[in-house]
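Read-outs throughout are calculated quantities, based only on the coordinates presented, and are distinct from any laboratory measurement. Computed from a predicted model, the values in this text were never measured in an experiment. FYI the Cβ positions are ideal-geometry reconstructions off the backbone, even for glycines, and counts take in every protein chain you see.
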Amino acid sequence: MVSGNLSSHPDGLDPEIMDRPLYTAVIRPNQSLGRDGFRIVMGLCCLVSLVTSIACWRAGFWPVAGFFGLDMLALYVALRVSLRRGRSFEEVAISPLEVSLARIDPRGERREWRFNPLWTKLSRLDDEEFGLRRLTLVSRREHVVVARDADPVERERVADGLALALAQVKKGF
C-alpha cells in the first residue's frame, strides 16, 4: 500500500512548479509608425509631391515630376518594409528547467534556442550615452542576442527581468 500524496516528488519538489515560468516576455521592435500613420504620411507626401510636380511642369521643368514619382515609390517601399518588420517579435521564458528564446520573423518563421538556466548568464554591453546597447544570453559556447530590435529602455527592463529570474533559479527559487 502506498501512502502519501501521489503528486508529490520523493525529493519534495512539485513537478507543477518546475515547469512554470518564473519570467516571460514578448519583445516587439521599436516602431513609431502604425498603419494609420503610414496612410497619413503617404497621403501628405503624395499631396506635396503632386502640387510641386504640377508647379514644376508648368514652369517647364517637366522631368522633375518623374523624379517626384520615383521618390514617392521609394518612400512607399521603405515604409512598407518598416511596417512589415514591425510584425516580428521575440518570446523569452525562464523556468527552473530551461531558458527558451524564440524569434519569429515577419513571415512567421520561428527560430528557437533552449538553454539550461544553471549554465546561462547574461552579457551586457552598456554605453554611457545610449544606455544598454546589447543584451546576450550566453550558455557554454553559444551566444544569442536578446531584444535586439527593442529600444534601450525596453532592453533594460528585459535585462532586469532576465537577471532576476536567472538569479532565482540559481539560488533554488
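What whole-number distance in Å separates the alpha-carbon centres of the range 110-173 and the range 69-83?
34 Å
Calculated FRET efficiency, ARG124 and SER32, Cβ-Cβ r, R0 22 Å, to nearest 0.05?
In this case the efficiency is close to 0.30.
Taking θ = phi - 60°, what integer Hz values does the Karplus form 6.51 cos²θ - 1.76 cosθ + 1.60 yield along the range 123-130, in sequence order, with x for Gly and Pro?
10, 10, 10, 9, 10, 4, 7, 9
For the pair ARG114 and ARG84, what calculated FRET efficiency results from E = 1/(1 + (r/R0)^6), where r is the Cβ-Cβ distance and R0 = 30 Å, to the nearest 0.05?
E(calc), rounded to 0.05, equals 0.60.
Go ahead and estimate [θ] at 222 nm for the chain from helices alone: -39,500 (n - 2.57) per DSSP H run with n ≥ 4, summed, over the residue count, rounded to 500. Each step should come with its number before you reach the end.
Values: 4 runs with 71 residues, N = 173.
It lands at -14000 deg cm²/dmol.
May I ask you to derive the relative contact order of the range 35-85, considering only C-alpha pairs under 8 Å and at least 6 residues apart, and to give it as an integer percent?
Once divided by the residue count of the range 35-85, the mean separation gives 34 percent.
I need the P(r) histogram for the range 105-173: all alpha carbon pairs, bin width 10 Å from 0 out to the longest distance, whole percents.
18, 46, 30, 5
Counting Lys and Arg as +1 and Asp and Glu as -1, what is the net charge of the other residues whose Cβ lies under 15 Å from the Cβ of LEU118?
+3
List, largest first, the extents of the alpha carbons of the range 35-85 along their principal axes, each in whole Å.
Projected onto its principal axes, the Cα set of the range 35-85 covers 40, 16, 5 Å.
Taking the chain as the region of interest, what is the percent of Cα-Cα pairs per 10 angstrom bin, listed from the shortest bin to the one with the maximum distance?
9, 25, 22, 16, 13, 8, 4, 2, 1, 0, 0
What percent does the relative contact order of the chain come to when contacts are Cα pairs within less than 8 Å and at least six residues apart? Don't skip to the answer; put the middle values down first.
Working: 230 pairs, mean separation 36.4, N = 173.
21 percent.
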